[in-house]
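> Encoded as C-alpha cells, here's the structure I'll be asking about.
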Amino acid sequence: MQASLEAEARGKAEALRSKKKLEQDINELEVALDGANRGRADSEKNIKKLQQQIHEIQQVTRDDTQRYAAQRTAPEPLGSRVHTGCVNARRLALYRVLLRRVPL
C-alpha cells in the first residue's frame, strides 16, 4: 500500500513539473508570436510607405518624360532652357532624397 501511495505521489509531482514546463513553453510561444505580429505590422507599414514613394517617383518620371518629349518638338528661347535646367536639377535632387529614404 505504501509503495502505491509513493508511486502516486511521484506521478503527481511529475505531472505538475510537466504542466509547469508546458505552461512556460506556451508563454514563450505567445511572446514570440506577439513579436512576430509586431514585426509583420511594421513590415506592412514600411511596404506601404515604399509603394507610395515608388508611385510618386513613377509619376514624377512620367511627367518629366512627357515634358521632355514636348520640349523636343517645340524650340524654346534660351531663358526657358535655363529654367528647365534648374527644374531638372531640382528633380534630380528630389530623386536623390527619395532614394536615400529607401532602406536597403
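The values are calculated or read from the model by the stated rules, or taken from the named source; none is laboratory data. Since we're looking at a predicted model, the values are computed, not measured. All Cβ positions, even for glycine, are placed from backbone atoms using ideal geometry, and neighbour counts span all protein chains on display.
> Which of the residues that make up the range 71-83 are surrounded by 10 or more Cβ atoms within 10 Å (Cβ to Cβ) and modelled with pLDDT of 65 or more? Talk me through it step by step, then tell me what you get.
Pass one, the range 71-83, residues surrounded by 10 or more Cβ atoms within 10 Å (Cβ to Cβ): 71, 76, 80-83.
The answer is Gln71, and nothing else.
> Answer with yes or no whether Gly11 is in a helix (DSSP H, G or I) and at pLDDT below 85.
Details: in a helix (DSSP H, G or I): yes; at pLDDT below 85: no.
So Gly11 does not fit the description; no.
> State yes or no: is Arg40 of a type in the set (Lys, Arg), part of a helix (DSSP H, G or I), surrounded by 10 or more Cβ atoms within 10 Å (Cβ to Cβ) and at pLDDT below 95?
no
> Let me ask something additional. Cβ-Cβ below 7 Å, separation at least six or inter-chain, first residue in the range 46-61 and closer than 14 Å to Arg96 by Cβ and modelled with pLDDT under 95, second in a helix (DSSP H, G or I) and charged (D, E, K, R): which pairs?
If the second residue must be in a helix (DSSP H, G or I) and charged (D, E, K, R), the pairs left are Gln53/Arg101; Val60/Arg91.
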